[in-house]
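Step one of this worksheet: look at the structure below.
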Amino acid sequence: SEASQPHIALFPSAGMGHLTPFLRLASMLLSHNCMVTLLTTKSTVSAAESTYISFFLSTNPEIKHIEFQVPPMQPSNTTADDPFFIQFKATSRSAHLIYPLISSLSPPLSAIFSDLVVASGVSKVAVYLGIPNYAVSTTSAKFLSLLAYLPILTSDAAKLSNRSTDIEIPGLTPLPISSIPPPFFNPDHLFTATLVSNAIALPDCKGILMNTFDCFEPETLSAINNKRALRNLPPILPIGPLETYELKKDLGQYLPWLNSQPAESVVFVSFGSRTAMTKDQIKELRHGLEKSEYRFLWILKTKTVDKDDTEDLEDLLSCSFLERTKNKGMVLKEWVNQQDILAHPAVGGFVNHCGWNSVMEAAQRGIPMLAWPQHGDQRANAEVLEKAGLGIWDRTWGWGGQRLVKTDEIQKRISELMTDVKLKSRAKKVGEEARKATGNGGSSIKTIMEVIESLKQ
Ligand code: BUP
């Protein structure tokens, strides 16, 4: 009956890193007999987003889809910025426009699960509708704690810019200043301003749903939930690693190639959907991979937005490299099904930027990581996965582009990633814990079930 079937609106913000956990959440809610309405903006920044949305809706026709038009930002003051940041801001400041689109849905909504980056506008809408709004965080609990504290931190610019040591959030392990994303030092930066304006609304949310699990970040989760830190926050609800769902059949060459490689022999290299490395850094990585002598599958991006990524592989890597390594490795400049690659028995290690979805996907499979954080939340995330035993991180590599990481350093760390038996067994253990959390009676399943239960009338 309708009374026992909650109707939940999901509202993700821009980028695959935000869309992916929402689609996984949608599929999970459907499997728990919820009704789902998906709210997306009329145009997306990347081609990947619109492809995933269409495919997901076509395979889940029971989902109601509402697209809404986001008035564009004035181009004059935004030209220099990352297109994803512009879309964050544009969506955030227009979030209240969803009200007329969702106020007369039938059956009426029981709750909204909205991206943290639109929390402020959506919280007000939820009050009007008399329903709870849960924020969905697409990052680690560690970085979320920094976001929650950001309004205080940035309210006193001197406080942040005079710092040379750690950021101390009372009740939590200090965060090294080197892990604070550089834009946070400028309160007027588009990225910072958008996050601050939404972070102040977190206390108005009913809870914060997180793609993480108890054993992965025990300290941060318990400090917040036991009110030893950030006392104004609502409960943090770890419901991860969010289960992957079936993607479009992959016609790429890499799966047949992986099928013919020995178990755990391949290094999978990917820096997520938004990281463009410099040509010089690509060159060092290329030499490092080749010198390490491991088999590899390397996904190469050279532009922030996929639609702009038109450069030829041959121009980027040299024909001789591709020729020399053609039996050993594969380099692709295309979208792949990362979740399927990480699940493949041939993959033995993951060189990655530490986007939080990637970290959770590796955790779920117990794949050891070589963390190479590039920007945003990624250094904080790297610290978390290192501490959890999922991977290694060389802090001296800095942020993406901060310095050129050389061939020999890369070779050394890749070898460590692929040969360290202790690392391998710790990572396997993380995989077991992750699957326990999402298996029958696991902590993450219990948490989401309680939320769903509370939404039944
Ligand atoms: Br690239 C790529 N295929 O080719 P993150 C990514 N993904 O399936 P983000 C693919 O996209 P930032 C590809 O599995 C993950 O679920 C990947 O999210 C998938 O990083 C998602 O890992 C990417 O959170 O970078 O969003 O690319 O951290 O900068 O937001």
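The values are calculated or read from the model by the stated rules, or taken from the named source; none is laboratory data. Please read all numbers here as calculations on a predicted model, not as lab measurements. Note that each Cβ is placed from the backbone with ideal geometry, even for glycine, and that neighbours are counted across all protein chains shown. When the accessible area is computed, the model is the full protein with side chains, heavy atoms only, and any ligands, DNA or RNA have been set aside. Shrake-Rupley method; radii C 1.70, N 1.55, O 1.52, S 1.80 Å.
Details
- Descending by average beta-carbon neighbour count within 10 Å, the peptides 388-400, 108-120 line up as 108-120, 388-400, the highest first.
- Entry note, the chain: relative contact order of 16 percent, from Cα contacts under 8 Å with a spacing of 6+ residues.
- Share of carbon and sulfur in the accessible heavy-atom surface of the chain [1.4 Å probe, %]: 52
- Candidate cross-link partners of K206 among the aspartates and glutamates, defined by an alpha-carbon separation under 16 Å and a same-chain spacing of 8 or more, comprise D115, E450, E453.
- Cross-link partners of K307 among aspartates and glutamates (Cα-Cα below 13 Å; sequence separation of 8 or more within a chain): E49, E334
- Partner aspartates and glutamates for K227 [C-alpha distance under 15 Å; skip if fewer than 8 residues away on the same chain]: E219
- Largest-first principal axis extents of the Cα set of the stretch 1-141 (Å): 52, 32, 31
- Cα-Cα over 25 Å, subset of K291/K326; K142/K279; K387/K422; K42/K64; K249/K456: K142/K279; K249/K456
- In the context of the full protein assembly, R295 retains an accessible surface of approximately 80 Å², using a probe radius of 1.4 Å and ignoring ligands and nucleic acids.
- Phi angles of the stretch 274-287 translate, via the Karplus equation with coefficients 6.51, -1.76, 1.60 and θ = phi - 60°, into HN-Hα couplings of 10, 9, 9, 7, 6, 4, 5, 5, 4, 4, 5, 5, 4, 5 Hz per residue; Gly and Pro are given as x.
- Karplus-derived 3J(HN,Hα) values for the stretch 288-302, using 6.51 cos²θ - 1.76 cosθ + 1.60 with θ = phi - 60°, are x, 5, 5, 5, 5, 6, 7, 5, 8, 10, 10, 9, 10, 10, 10 Hz; glycine and proline are entered as x.
- Surface analysis of the stretch 321-457 yields an accessible area of 41 Å² per residue, using protein heavy atoms and a 1.4 Å probe.
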